[in-house]
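Structure first, then comments.
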There are 2 protein chains.
Amino acid sequence: MQEEKTYSPGLEGIIAARTAISFLDTEQEEIVIRGYNLLDLIQRAGYVEVVGLLLDQQIPDKQRQQEIEAEMVGSPVPDAIYAILRLLPSEMHAMDQLRTAVSALGGFDKEAGSTDPSSEKERAPRIIGQIAQMVANLTHVAQGREPQPFSPAYSFAENFLRVIVRREVSPPEVRAFEQSLIAYSEHELPNSTFAARVVASTLGDLYGALTAAVASLKGPLHGGANEAVMYMLLEAQNVEGMDKLIRQKLSRKERIMGFGHRVYMRRMDPRAQLLKEVLHQLIQAQGKGQEYLAMCQRGEDIMRSEKGLYPNLDYYAAPVYYLLGIPIELYTPIFFAARSAGLLAHIIEQHSENRLYRPRVLYTGPRGLQL
Amino acid sequence: MQEEKTYSPGLEGIIAARTAISFLDTEQEEIVIRGYNLLDLIQRAGYVEVVGLLLDQQIPDKQRQQEIEAEMVGSPVPDAIYAILRLLPSEMHAMDQLRTAVSALGGFDKEAGSTDPSSEKERAPRIIGQIAQMVANLTHVAQGREPQPFSPAYSFAENFLRVIVRREVSPPEVRAFEQSLIAYSEHELPNSTFAARVVASTLGDLYGALTAAVASLKGPLHGGANEAVMYMLLEAQNVEGMDKLIRQKLSRKERIMGFGHRVYMRRMDPRAQLLKEVLHQLIQAQGKGQEYLAMCQRGEDIMRSEKGLYPNLDYYAAPVYYLLGIPIELYTPIFFAARSAGLLAHIIEQHSENRLYRPRVLYTGPRGLQL
């Protein structure tokens, strides 16, 4: 019986959800988000528009956009959440702090326990805004500074970046940051989205599903890659250093972060090409940082010729965030904040047509032992 | 392409892990735990022995049992965790409080980030003990009482029960409680264990995987069932009330908690039969509570004849906990505390032979839309 069933480690190639949210078409190299090409969205839409698209299943009109953005920038985080963050050791990993904060946030939502899709959809913009505010303030609170709420005077993307870097930010900086948020907003069924759907399928609430997704994204094989890329660039220091470091890692058979992707395999992640463009534009606008593009290019060249591997989104998002002055420990939390829109769409979809996830195992242990 | 792949909603019947930990043999109606029949373990082993079996892959000798139990009862919970719990609204669902506490606990483990199986195995008994202490004190802290640590003067099971009920407990009470802990300790790949393995597969740490499991177990389709059963018994009040209530729910096509199981389907959960026995013994020892057994029996009879459904573990665990004087909101947290042993075994196994979970989807949305 058992032996006849096929087992695919990591569920590779197994269909685990029916979804109308997104699809990675690896043959046509297209990331489809509710019918649109993600690259078009990165180039021509705003993050709030994409949030609306994910939640409403259509591009929101101006009024609906304003309504969503007002919730996203106008819903402060309860003081108790920051008090909880202050009780955590300051050296605790930022993603572990965020996991705790997202879990705690559920306590301050009177409808937390509701898994009714219409209630979840209504609350989603507020929750996305609160998550972004918690992320933007994580490092500040850990270092003893007062948290800053978002302000209705600025757009969501500008608020998010301003609160992180605590300075005036230029329109090209805001746009580069916003484009990274769109690039991270949704991506079919990566581990974190799958974890969120698995948890949501018990009819547990959305805070539980989001908490599971933070836990997943923390993993070095998943969201942690953008931070690892930046530490590699800083260690390399310049183009020659990058050349030497990558060849050294290859000869030691060490994993090089920011390359390859389970689904794309040996083609380039379409988002990486676009973020490379965003990096180039940001360097032009800021008049600095050319060396990071050159280092990344060298790494990309070596990996293609030596291993046939192409960069993924994290590879080019890392230097973009670095040039914006964002603390490295916030790269993965920002990825989560951006992805919270896609995650909420998946949780709502799961609750709309639910079936409990409960697979089986291939048992390889002993039988018939006696006490 | 897409259409050719088969899709099984909820991954029903799909093998999602290779494991030597446990197996539900539905043909022989046996729950195998590392080679032993779970019913033998419930009848003849102690909970600490089962923890050792799950972690060490063999029944621990007396010395190893003492070593494990010393860690389980001798590792206090950091004060900051209780301070965090006090900052949460007292009306927050106990499982959501626990989810936050388990997440926060990672901040106080200097090896939290290690996914090395030997480090995880060494830390596991301490973590199981800390989780039990957090669970035992949840309601006390929410109601403004001081938390009590476990004491090396008592066994793990006695500590756990004493701190919950804050009174002297008799040996038959401790044994009934301990048997429920063994019954809940491990059960192949239910949603919560699957969620923990999915999250662990990113090489995220064990606190993240455990946090995801708490979120999963909270769901009414999973761990929440034991609490729902007790509320049903209290609403019914007596055998006639139970008869009326169940028939009423059946005629309204309402879901009746505590019956049926995805995997067992139309056979009785072997654990339920044994917990029914435990309930009977506890009633004998306490000299009260006969009406709960009678009510449960009536419900069981109706459901078998009307729907062909048999009770699951939660159905008989609920009245056992009620007669022990355990607050209803702690039933699911206790389930989690007991299951933490099995969860840690699965997380360690996942990290020992890892493959990132990353399945695909069946996309049903539109294509080719233009902005």
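Return the distance in nm (one decimal) between the two label points of a simple spin-label model at B:Leu369 and B:Arg167, each offset 7 Å from Cα along Cα→Cβ.
Distance between label points: 6.1 nm.
Explain nothing, just compute: Karplus ³J(HN,Hα) = 6.51 cos²θ - 1.76 cosθ + 1.60, θ = phi - 60°, for every residue of region B:216-223 in order, whole Hz, x for Gly and Pro.
Here the 3J(HN,Hα) series is 5, 5, 5, x, x, 7, 10, x Hz.
Can you give me the long-range amide H partners of B:Glu30? Hydrogens built in the peptide plane at 1.01 Å from N, cutoff under 5 Å, separation of 5 or more residues or another chain.
B:Asp25
Please work out the average accessible area per residue across chain A, using the 1.4 Å probe convention, and give it in Å². Walk me through the intermediate numbers first.
Details: 13330 Å² over 371 residues.
Roughly 36 Å² per residue, with all protein chains present.
If you average the alpha carbon positions of region B:346-368 and of region B:21-37, how far apart do those two centres end up, in angstrom?
Taking the Cα centre of region B:21-37 as reference, the centre of region B:346-368 is 26 Å away.
Which residue is it, in chain B, whose C-beta lies closest to the B-to-A rotation axis, and what is that distance in whole Å?
It is B:Ala212, 2, counting Cβ atoms only.
Take every residue in peptide B:108-116, count the Cβ atoms of other chains within 10 Å of its Cβ, and give the average of those counts. If you can, show how the numbers build up before the last one.
On the way: counts 3, 2, 2, 0, 4, 5, 0, 2, 0.
Across the residues of B:108-116, the mean count of other-chain Cβ atoms within 10 Å is 2.
Averaged over A:168-176, how many beta carbons belonging to a partner chain fall within 10 Å of each residue's beta carbon?
Details: counts 0, 0, 0, 0, 0, 0, 0, 0, 0.
That works out to 0 on average.
How large is the dipole of region B:225-323 about the Cα centre if only Lys and Arg carry +1 and Asp and Glu carry -1, each at its Cβ, rounded to the nearest 20 debye?
Computed about the Cα centre, the dipole is about 400 debye.
How big is the B/A interface in buried accessible area, both sides summed, 1.4 Å probe, to the nearest 100 Å²?
On the way: alone 17690 and 17700 Å², together 26640 Å².
Chains B and A together bury approximately 8700 Å².
So how strong a dipole does the protein assembly as shown carry about its Cα centre when Lys and Arg Cβ are +1 and Asp and Glu Cβ are -1, to the nearest 20 debye? Don't skip to the answer; put the middle values down first.
Values: 78 positive and 90 negative charges, 68 e Å.
In debye, rounded to 20, the protein assembly as shown gives about 320.
Tell me, what is the Rg over Rh of chain B, with Rh the Kirkwood radius over Cα pairs?
We get a ratio of 0.97 for chain B.
Can you give the FRET efficiency for B:Arg145 and A:His280, using 1/(1 + (r/R0)^6), R0 = 56 Å, r = Cβ-Cβ distance, to the nearest 0.05? Please report the intermediate quantities before stating the final value.
Numbers: r = 61 Å, r/R0 = 1.08.
Working from the Cβ atoms, E equals 0.40.
Using 0.36 nm per residue of separation minus the Cα-Cα distance, give me the extension gain between A:Glu111 and A:Asp243 in nm, one decimal. Kindly include the intermediate steps, with their values, before the conclusion.
Numbers: separation 132, 0.36 × 132 = 47.52 nm, distance 5.34 nm.
That pair, A:Glu111 and A:Asp243, stretches by 42.2 nm at full extension.
Please work out how many pairs of lysine residues in region B:225-323 are eight or more positions apart (or on different chains) and have Cα atoms closer than 21 angstrom. Working shown, then result.
Working: B:Lys244/B:Lys253; B:Lys244/B:Lys307; B:Lys249/B:Lys307; B:Lys253/B:Lys307; B:Lys276/B:Lys288; B:Lys276/B:Lys307.
Lysine pairs satisfying the spacing and distance rule in region B:225-323 number 6.
Just to confirm the filter: which GluC sites (Glu not before Pro) across region A:264-354 are DSSP coil and have at most 14 other Cβ within 10 angstrom of their Cβ? Before the final figure, lay out each step's value.
Numbers: sites: A:Glu277, A:Glu291, A:Glu300, A:Glu306, A:Glu329, A:Glu349, A:Glu353; in loops: A:Glu353.
Passing both the DSSP loop test and the Cβ count: A:Glu353.
With N set to the number of residues, divide the alpha-carbon radius of gyration of the protein assembly as shown by 2.2 N^0.38 Å and report two decimals.
Values: Rg = 25.9 Å, N = 742, 2.2 N^0.38 = 27.1 Å.
After normalising by residue count via 2.2 N^0.38 Å, the value is 0.96.
Any idea which of B:Ser180, B:Ala213, B:Leu371 is furthest toward the positive side of the dipole for the protein assembly as shown, if Lys and Arg beta-carbons carry +1 and Asp and Glu beta-carbons -1?
My answer, from the dipole projection, is B:Leu371.
Give me the inter-chain shielding for A:34-41: mean count of other chain Cβ atoms within 10 Å, whole number please.
Details: counts 3, 6, 7, 5, 0, 0, 3, 1.
Going residue by residue through A:34-41 and averaging, the value is 3.
What residue among A:Glu12, A:Glu186, A:Glu49 shows peak mean-square fluctuation when chain A is described by a Gaussian network model with Cα springs under 10 Å?
For chain A, modelled as a Gaussian network with Cα springs under 10 Å, the answer is A:Glu12.
By per-residue mean of other Cβ atoms within 10 Å, what is the highest-first order of A:77-84, A:130-137, A:338-345? Numbers along the way, then the final one.
Values: A:77-84: 19.0, A:130-137: 25.8, A:338-345: 27.4.
The most tightly packed comes first, giving A:338-345, A:130-137, A:77-84.
Express the relative contact order of chain B as a whole percentage, based on alpha carbon pairs under 8 Å and six or more residues apart in sequence. Spell out each step's value before the answer.
On the way: 503 pairs, mean separation 85.6, N = 371.
So the answer I get is 23 percent.
Find how much the distance from B:Glu353 to B:Glu329 grows on full extension, using 0.36 nm per residue of separation minus their present alpha carbon separation; answer in nm with one decimal. List each step's numbers first, then the result.
On the way: separation 24, 0.36 × 24 = 8.64 nm, distance 3.66 nm.
Contour length minus Cα-Cα distance gives 5.0 nm.
Would you mind computing the Rg to Rh ratio of region B:82-191 from its alpha-carbon coordinates, Kirkwood style for Rh? Please report the intermediate quantities before stating the final value.
Details: Rg = 15.2 Å, Rh = 15.5 Å.
That ratio equals 0.98.
Determine which residues of region A:128-164 fall in the zone a paramagnetic label at A:Glu91 would reach in this model, i.e. backbone nitrogen under 17 Å from the point 7 Å along Cα→Cβ.
It comes to A:142-144, nothing else.
Distances in nm, one decimal, shortest first, from A:Leu234 to the same residue in every other copy, taking the label point 7 angstrom along Cα→Cβ.
So the distances to the same position in the other copies read 5.3 nm.
Between copies, how far apart are the B:Gly308 label points? List them in nm, one decimal, shortest first, with each point 7 Å from Cα toward Cβ, please?
Nearest first, the other copies' label points are 5.3 nm away.
Run through the DSSP bridge list for the protein assembly as shown and note the antiparallel percent, rounded to the nearest 5.
Working: 14 of 26 bridges.
Within the protein assembly as shown, antiparallel bridges account for around 55 percent of the total.
Top mean-square fluctuation among B:Gln28, B:Gln237, B:Gln248, Gaussian network model of chain B, C-alpha springs under 10 Å?
Most flexible of the set in this elastic network: B:Gln28.
Using a 1.4 angstrom probe on heavy atoms only, work out the carbon and sulfur share of the accessible area of the protein assembly as shown in %. Write down the numbers at each step before the final one.
Details: 12490 of 26640 Å².
It is 47 percent, rounded to a whole number.
Can you list the trypsin sites (Lys or Arg not before Pro) in region A:1-80 that are in a DSSP coil and have 16 or fewer other beta carbons within 10 angstrom? It would help to have the intermediate numbers written out before the result.
On the way: sites: A:Lys5, A:Arg18, A:Arg34, A:Arg44, A:Lys62, A:Arg64; in loops: A:Lys5, A:Arg34.
Answer by residue number: A:Lys5.
Please report the base-10 log of the normalised intensity I(q)/I(0) for region B:225-323, using a Debye sum with one equal scatterer per alpha carbon and no solvent, at each q in 0.10, 0.14, 0.18, 0.21 (1/Å).
Log-scaled intensity ratios, in q order: -0.23, -0.46, -0.77, -1.05.
Compare the Cα positions of B:Leu323, B:Ile33, B:Leu53 along the charge dipole of chain B (+1 at Cβ of Lys, Arg; -1 at Cβ of Asp, Glu; about the Cα centre) and return the one farthest towards the positive end.
Checking the options against the dipole of chain B, the answer is B:Leu323.
Determine, from the Cβ-Cβ distance of B:Glu122 and A:Leu250 and an R0 of 41 Å, the FRET efficiency 1/(1 + (r/R0)^6), rounded to the nearest 0.05.
Details: r = 34 Å, r/R0 = 0.83.
It comes out at approximately 0.75.
The values are calculated or read from the model by the stated rules, or taken from the named source; none is laboratory data. This one's a predicted model, so the numbers in the text were calculated from it and none came from an experiment. Neighbour counts are summed over all protein chains in view; Cβ atoms, including those assigned to glycine, are modelled from backbone coordinates with ideal geometry. Remember, those area values only see protein heavy atoms, side chains included, never the ligands or the DNA or RNA. Shrake-Rupley method; radii C 1.70, N 1.55, O 1.52, S 1.80 Å.
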